[in-house]
Each structure stands twice: as structure tokens, then as C-alpha cells.
Amino acid sequence: MRLTYYLLSRAVVTGLIAIVCVGLWTVYTTRNDMSGALTSAATSMERILNLQSVGLLQGIGLEPRYIDWYPLTQVSLPEATCVRLIRNHVHTLHRTCRGRHYVAEQAPRWFVYLYQTLVAKRQPVVRTIGRPNESLVLEIVTDRDAELTVTWEKLGELIAPSALVIFVLCATLWWSARNALSPTGKIMRGLSAIEQGNFGMILGPFGSYEFDRIATATNHLTESLRTAQNTRIELTRQIFRIQEEERLAIAHELHDEFGQHLTAISANAASLQSATGSFGAQRELANIEKSARHLHATLRSLLVRIRPWAGDADIKSCLVALAREVRELSHRPLRIDFADAPLPESLPGEINEAVYRIAQEALTNAIRHSSAREITIDLRVQDSSMLELVIADDGGACDLTKLEGGFGIKGIQERVRALNGETSFTINSRHGLTLHARLPLALALADNTR
């Protein structure tokens, strides 16, 4: 979840909790206010009735009227409140109700259900009036539907502005958090670029101290990674140059020493075979000559693989020669086609060497690890800045995960990576393997001009 959305959700939850608290406080205060009003009205009515019961008018020679209900109707009562005066707990002497009629349906059903479930039913306020030989009880009670509706109306008066204020606060918080966290998008893009191997992106500066420190640390890390990558690339290229020198020395030794001695052994075995008359000796000499020819063929195949690169050679001619030698050594009907794509008159020697070694490794893998009968090689320049090499075969589907674990594939990837290029391996429509290598010419050209 995005950090801005997380903060917004927390603000919304906090706002909802605040609205619930406002609602509970409104219900509590409304109920207390109504209880206080009922108690105050009951006390006033009790005093009026007690004064009437002692006969205040006797002093002026008038017969008091008892019970005089009119003064009691002037006492302030909450809405929808009923007052009863009961004699001897049985007979209702007077009864009056004040206010409009309420029905519970005026409030939402969910509020009615919660109110009736959570709030206890209000008990009547009862006062006993003292009078000789007579029991009078004053009972004041508020209609439950009235209490519920009045509470809902007060909730509406408070909840609406409270919700508006909370909404404004949440919107302000979200806007502030979004602006404050806006640098995180640039930081994430920078980290993604570093993950993909692009170390040229510079972060910051930002207005926030914390994000500016993160950007500074990330830029230092990027610079360190860029330096380490350049160092690794240079070391890899030096390793390949040293490898080519070693190939040259080994090839000379194999050709000059092993080749000459194998030729001599084969010639001597043929000479002795014609000179001797013993059938057993001729058979042994024939075996020696056969082994010498086999070792000579093996040596030739090895020389083809480790043959050093001729820096001034034409790459297409070298690839054609390589294809011919691979076809001869495979001992199978193999067809290798070249795409007719124009190339610059001269390519950097390091690029030519990399293309030759990549093609050599790819053809060797196709011969050794598949039943390929047809291989296509496509070498072309894209946008005058990128050399693309595509080698595809029809050798049957293979497991790419196992393939990428081989040393040959790793060698190809290291060669391409040393020139800041890219490689990919896919299964083509012929269920064979396709190697796609892209080598930038600008880096190699710049290195050659140093």
C-alpha cells in the first residue's frame, strides 16, 4: 500500500472514531438534560401541590380549590412529556401531555435498534404528595419515541458539521502528506534504475531534510556502484584480452609440437606397416596410425575452438569460415545460413572479437546440446549505434533455467556485459533456442580512440 493511502486511511479511521465519540457524547448529554428537566419539573409540581394541600387561601376567608391543576400546566416540561396525578395508586385525577407527537420511524432503523438495545428505558419520575387520609402520586414520564427522536435530531445538528470538519481535516492531511511525500516517487524511480543497472540518475535536492539525506546517500551509493561496475567491466575485458593471448600461446604449442609429432607418428606407423611382413605387427601399426589420425582430428577441433582472433579480419568472412569448420566437425547434415544485412566497412576489433567468440560458443552449444539441423545467424547494425547478433536453431525445446547455469552461457553474458551490452535467450517458433545479443558501438569506438 502506498504511504499516502495508508496515512489517508488512518485519518479516515480516526475521523470515524471521532464521529462515533461525538454521537455517544450527544446521546449522553441529551439523556442527562432530559433527566434534569424531568426532575426539576417534578420538584416544582410537588411544591405547588403541597402548598395547595395546606390551604393557603384559608387566611383570607376563601375556600381553596384543591386540586387546582392550572398552575401545574405552567411548569416547563420537555417535549412529549406526560404528567399524571394518581389517587390511592388507582384513580387518575388529572393527566396532561405536552409537545408534538413523535414516532420512532422519524429516525433511521439502525439508530432505533441501537438506541433501544444499548440505552435503558427511562423510568418515570415519581413524587408522593402528603395529604391526610389520601395517597396522591405525581408521575412524570417522557415518551420513549420522543426521547429517541429528539436525540436523533440533536445528533443531526452536531454530526453534520462534525463530519464536515473531519472531512476537511482528512482532505488537508492527505494533501499535505501527498506533497510532503512527493519525493518518494523520484526516489523509487531512482532505486528502480539502480536495480536495472542504470547508474546515471541523480536524485535531489529536495526541500525536506530527511528526503535530501536519503537522496545524498543514494547518490553516493550510485557513484560507488558505477565505479565498481566500471572497474569490473575493465577487469573483465582485461581477462578476455589475457585469455586471447593464452589462446595464441597454447595454439602455437599445440600446432608446433603436438601436430608435428602426431604427423610423424602416423607417417612412421604407415612406413613400418608396409615394411613388416608380420600380420600381427601390421595390425598393431594400423591401430597406432588410426589413433594418431584420431588425435590429429581432435587437435584440429581444439585448435578451431581456441584459435586466437585476428584483429584485422573481416567478421563476416570469419563467421563463414567458423560455420564451415563447425559443419565439418559436427559429422551431421548441418545448414548454417547468414542473413544478408549490411555492416559498416570497419568495426572495432573488440566488437569483432566478441561477436566471433559469442557465435563460436553458440554454435558449439547447438551442436553439443541439441539436435539442430538448421542454424541462422543474423548480424546487423541498428540505428548506427547498436550491433545486434541473433543466432537461432531448431534443436528442440530446452530448459532455459538449466541452460543459463552453464559456463558457456555465462561466458557469453560476461562478454556482452563487459561491453555494456544486453543478452537474452528465448524459445523460438521452431522450438529451438534463440540468442539475442546487443552490443553498443559507442563504448567500443571510444575505447579504441584512447
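The values are calculated or read from the model by the stated rules, or taken from the named source; none is laboratory data. Owing to the predicted nature of the structure, the values given are computational and were not obtained by experimental measurement. No Cβ is skipped: glycine too gets one built from the backbone with ideal geometry, and neighbour counts run over all protein chains shown. These accessible areas exclude ligands, DNA and RNA; they are computed on the full protein's heavy atoms, side chains included. Shrake-Rupley method; radii C 1.70, N 1.55, O 1.52, S 1.80 Å.
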Which listed residue, of GLY396, GLY411, GLY405, is of a type outside the set (Lys, Arg), at pLDDT 80 or above and not in a strand (DSSP E or B): GLY411
Single unsatisfied condition, ILE336 versus (1) modelled with pLDDT of 80 or more; (2) exposed (fewer than 14 other Cβ atoms within 10 Å of the Cβ); (3) under 47 Å from the mean Cα position of the chain (by Cα): (2)
Qualifying residues in the stretch 77-91 (those that are of a type in the set (A, V, I, L, M, F, W, C), assigned to a loop (DSSP other than H, G, I, E, B) and touching a residue at least 40 places away in the same chain (Cβ under 8 Å)) - the one farthest from ALA146 (Cα to Cα): LEU77
Filter result for the condition that a residue is more than 30 Å from PRO205 (Cβ to Cβ) and assigned to a helix (DSSP H, G or I), over SER162, SER176, SER135: SER162
Hits in the stretch 356-394 (condition: more than 15 Å from PRO440 (Cβ to Cβ), out of contact with any strand residue (DSSP E or B) (no Cβ under 6 Å at 6 or more places or on another chain) and not aliphatic (A, V, I, L, M)): TYR356, ARG357, GLN360, GLU361, THR364, ASN365, ARG368, HIS369, SER370, SER371, ARG373
Residue within the stretch 103-121 that is over 51 Å from the mean Cα position of the chain (by Cα), charged (D, E, K, R) and modelled with pLDDT of 85 or more present: no
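Yes/no per residue for (1) open to solvent by 50 Å² or more (accessible area, probe 1.4 Å); (2) within 30 Å of ARG47 (Cα to Cα); (3) β-branched (Val, Ile, Thr):
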residue	(1), (2), (3)
VAL126	yes, yes, yes
GLU147	no, yes, no
GLU153	yes, no, no
ALA160	yes, no, no
ALA163	no, no, no
ILE166	no, no, yes
CYS170	no, no, no
GLY185	no, no, no
ARG189	yes, no, no
Residue list for the stretch 72-96, filter: open to solvent by less than 40 Å² (accessible area, probe 1.4 Å) and on the phi > 0 side of the Ramachandran plot: ALA80
Selection count where residues are modelled with pLDDT of 85 or more, of a type outside the set (Val, Ile, Thr) and loosely packed, with under 15 Cβ neighbours inside 10 Å, scope the stretch 206-224: 6
Residue under evaluation THR117, criteria (1) among the polar types (S, T, N, Q); (2) open to solvent by less than 60 Å² (accessible area, probe 1.4 Å); (3) out of contact with any helix residue (DSSP H, G or I) (no Cβ under 7 Å at 6 or more places or on another chain), criterion not met: (2)
First in the stretch 328-350 and farther than 14 Å from THR364 by Cβ, second anywhere and hydroxyl-bearing (Ser, Thr, Tyr) and surrounded by 14 or more Cβ atoms within 10 Å (Cβ to Cβ), Cβ under 6 Å, 6 or more apart: ASP337/THR376
